[in-house]
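Novice: Pasting a structure here, questions to come.
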Amino acid sequence: MIRIVRSDLPACTIARMSELTRAINLVASPERSEKARASWNSNATVRRSVRTVLGEMAIGFTTCMYCGESRGTDVDHFEPIVRNPLRTFDWLNHLLACSSCNSHQKGKQFPVDEDGSPLLIDPTAEDPFDHLLLALSIGVYSPLTTKGESTIKVLGLNERGLPKGRMHARKVVELVLREWDRARERERSDEMQEHVRTVQDQPMADVCQSMLRQALSPGADIVFSDSPALLALLRRIDLREALLR
Ligand SMILES: [Zn+2]
């Protein structure tokens, strides 16, 4: 999971979502979530607009904003409709997720701490790396905070074959960066840009972002002890400027 910058929705969609929220608010509390769900399902134009902008915000080929591996197919309500129907049409509550993260993992879960603050990372509101550390050699996340711990559990970030996928992504990134370096030595800027785009479009972008961050960490020599040449590449300013998000 990596930080994602939230764009603006078209003004007409925002206006329509405000109208729909007012209509949900008029319904008595016990029936409100049912009304909100029905309203969401029946407003295809709003859903399409939200989906389009989320797709433009997503990394690579519209990958899931939670696992970063699969295609983001669903509009996920970060705070579930059943818990807060009045956020059904709240743009800040919409994320793009794969069906596995949205339906099978997260579902209606929304853990909170004793103050009511979410114990789930919203990648459009905070930097996931403040809460999660990726062990690059085994592709497994460990928590840095309680929120990180809860996020790993709710989304199953160390399950579903995801660690294996991250290990594979690390190898692919290394191979492409070596090609980038060969192109640099031959002063082929067009090829260098192509390799940068290849890395940017890879699923599991969190792996490359972790590599770039950990390359400057105090333990970098140990993390990259099997590949000092890769470490040197990851520390290059021109490559960091091209890839670091
Ligand atoms: Zn996912």
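Novice: First obtain the Kirkwood hydrodynamic radius of the chain from its Cα pairs, then insert it into the Stokes-Einstein equation at 4 °C and 1.567 mPa s, and state the resulting D in µm² per second as a whole number.
Specialist: Answer from the Stokes-Einstein relation: 67 µm²/s.
Novice: Against the 2.2 N^0.38 Å scaling, with N counting residues, where does segment 11-155 land? I'd like the Cα-based Rg ratio to two decimal places. Before the final figure, lay out each step's value.
Specialist: Numbers: Rg = 16.0 Å, N = 145, 2.2 N^0.38 = 14.6 Å.
With N residues counted in segment 11-155, Rg over 2.2 N^0.38 Å equals 1.10.
Novice: Applying 1/(1 + (r/R0)^6) with R0 = 22 Å to the Cβ-Cβ distance of ARG213 and GLN193, what FRET efficiency is obtained, to the nearest 0.05? Walk me through the numbers before you get to the answer.
Specialist: Working: r = 23 Å, r/R0 = 1.03.
That pair, ARG213 with GLN193, gives E of 0.45.
Novice: Taking the simple approach of a point 7 Å from Cα along Cα-to-Cβ for both LEU244 and LYS108, what is their distance in nm?
Specialist: So the two model labels end up 4.4 nm from each other.
Novice: Go ahead and collect, in residue order, the members of segment 37-64 whose backbone nitrogen is under 13 Å from a label point 7 Å along the Cα-Cβ direction of THR73.
Specialist: The answer is 64, whose backbone nitrogens lie closer than 13 Å to the label point.
Novice: If I model a spin label at ARG235 and GLU126 as a point 7 Å from the Cα along the Cα→Cβ vector, what separation in nanometres do I get?
Specialist: 3.2 nm
Novice: While we're looking at this one, here's another question. With a point put 7 Å past each Cα toward its Cβ, work out how far HIS168 is from ALA44 in nm, to one decimal.
Specialist: About 3.5 nm, to one decimal.
Novice: So what's the net charge close to ARG16: Lys and Arg +1, Asp and Glu -1, counting the other residues with Cβ under 12 Å from its Cβ? Provide the component values of the computation, followed by the final result.
Specialist: Numbers: positive: ARG22, ARG47, ARG48; negative: GLU19.
With Lys, Arg at +1 and Asp, Glu at -1, the neighbours total +2.
Novice: Pull out the extension gain between ASP90 and ARG178, defined as 0.36 nm times the separation in residues minus the alpha carbon to alpha carbon distance; nm, one decimal.
Specialist: On the way: separation 88, 0.36 × 88 = 31.68 nm, distance 4.37 nm.
Here the answer is 27.3 nm.
Read the figures in this text as sums done on the coordinates, not as results from a lab. Model, not experiment: these values are computed from the prediction. Ideal geometry is used to build each Cβ from the backbone, glycine not excepted, and the neighbour counts take in all protein chains shown.
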